[in-house]
Structures are given as C-alpha cells and as structure tokens.
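The values are calculated or read from the model by the stated rules, or taken from the named source; none is laboratory data. Remember, it's a predicted structure, so these values are computed and weren't measured experimentally. All Cβ positions, glycine included, derive from the backbone under ideal geometry; neighbour counts span all protein chains shown. SASA here: full protein model, heavy atoms, side chains in, ligands and nucleic acids out. Shrake-Rupley method; radii C 1.70, N 1.55, O 1.52, S 1.80 Å.
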Amino acid sequence: YNIGFWISTISSYQVMGISGFDFNQGVDRYFTAKAKADSKSVTDIEELSAQLGAINAYTDALGDYVIKDTIDNLGDNGEFAQTLADLYIAWVTGNVDEAEALNEESMADEEMPEELVPDIEQYFDITYYSRNKGMADKAAEFIKNGDNVFFMVGFAHFAGEKGIPALLTDMGYTVEKLY
C-alpha cells in the first residue's frame, strides 16, 4: 500500500459518511450495466498503468501533507460535503469551467506550504493532463476507425485547455456539448 491508496481509502470513507451518497448509483456503473445488459462490449480506454500512475502521483512531501490534512478534517464532513455538492452541481449543469475553477482552488489551498506547489502541479499533470492526452488520442483513434462508441470519462477530464474536448478541438475535431 502506498500513500495514494490510503488517501483514496480515507476520502472514500468521508464520502460514505455523507447522507444519501451511494457509490452503487454512479453514472459509470449505470452505463456499464446498461451496456452489459444490451450485450455491448465495454472497453477500457486507458491502461491500468495510467490509473495506477494517478494513485502513485503523490510525492512523499505532498502525500504527507495531504494525508495529514485529510485525517485532520475527518470529523468535518460539512466542508467535504460542500465541495462534493459544488462538483455535483457543476456536473449536473455541465459547467466545466466551474469544475476547472474547483480544481484550481484545490491547488491554491491557502494552508499548503509554498514549497509543495511544484508537487501539486506535477500531481495534476500526472493525474489529469497526461491521462487526458492519452484519452483524447484514444477518442481520435475511435473516430478515425469509424467506430460507433459511447466514450465515458470522469467529469474532471473535460475541464480547461488541457481537457479532452480542448485537446480534440486542437486535433481538428468539432466538439459539441449536448444537453
């Protein structure tokens, strides 16, 4: 087990403490179940190594800071619940700019020591931006092959100039948000 595993586990514990939140009701589980019920194939769009890389993206110093901060705030589900509610509202309304602002806000934690800024930037590069590039390349491959697919990624991967829609636009594709 590494620091990323423990941070993820503790964060999951926090989520479970929020009334009405159910991991089994996630959008990804819903669409995966529908696809399987319709005998459609479900394919991972990134290698397991990319997902493990995200879990392992914490430097020792950043991991130490984040896990201490997470443990210190375990009893205060209010702020954590508000952050999740803000993300949920951004997701429901399709407001990717708000999602990006929330990401930037987490990077600009007033209590975070200045010397950890490069570590958090590296973390975001590994966890989001590098993976976004790989996912955008995979989407472009599906398009070039003429494949008929339903392409599903987490909401945070849509945000900003390094988000999947922006990367696909940079590749010359037209990206349109549907409601």
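In the range 143-159, the residues that are among the acidic types (Asp, Glu) reach residues that are at pLDDT 85 or above with C-beta atoms within less than 9 angstrom, at least six apart or across chains, in these pairs: Asp147/Glu141.
For the range 126-134, the count of residues that are crowded, with 18+ Cβ neighbours inside 10 Å and of a type in the set (S, T, N, Q) is nonzero.
Looking at Lys144, is it within 17 Å of the chain's Cα centre (by Cα), charged (D, E, K, R) and open to solvent by 80 Å² or more (accessible area, probe 1.4 Å)? For Lys144, the condition - within 17 Å of the chain's Cα centre (by Cα), charged (D, E, K, R) and open to solvent by 80 Å² or more (accessible area, probe 1.4 Å) - is not met. Would you confirm, using the coordinates I've provided, whether Lys40 is in a loop (DSSP other than H, G, I, E, B), modelled with pLDDT of 85 or more and farther than 25 Å from Trp6 by Cα? Criteria met by Lys40. Does Ala139 qualify as being modelled with pLDDT of 90 or more and within 13 Å of Ile45 (Cα to Cα)? So Ala139 passes the test.
Taking the conditions exactly as written (exposed (fewer than 11 other Cβ atoms within 10 Å of the Cβ) and either small (Gly, Ala, Ser) or over 15 Å from the mean Cα position of the chain (by Cα) (or both)), does Asp64 satisfy them or not? Taking the combined requirement at face value, the residue does not satisfy it. Restricting Thr169, Thr174 to residues that are open to solvent by 40 Å² or more (accessible area, probe 1.4 Å), over 19 Å from Ala57 (Cβ atoms), of a type in the set (S, T, N, Q) and assigned to a helix (DSSP H, G or I) narrows the list to Thr169. Exactly one residue among Ala37, Ala85 is out of contact with any helix residue (DSSP H, G or I) (no Cβ under 7 Å at 6 or more places or on another chain), open to solvent by 40 Å² or more (accessible area, probe 1.4 Å) and among the aliphatic types (A, V, I, L, M), and that residue is Ala37. Assigned to a helix (DSSP H, G or I) and within 30 Å of Glu114 (Cα to Cα): which single residue out of Thr9, Thr32 fits that description? On inspection, the qualifying residue turns out to be Thr9. Looking for something closer than 29 Å to Ala33 by Cα and of a type in the set (Lys, Arg) - is there at least one such residue anywhere in the range 135-146? Within the range 135-146 (the criterion being closer than 29 Å to Ala33 by Cα and of a type in the set (Lys, Arg)), the answer is yes, since at least one residue qualifies.
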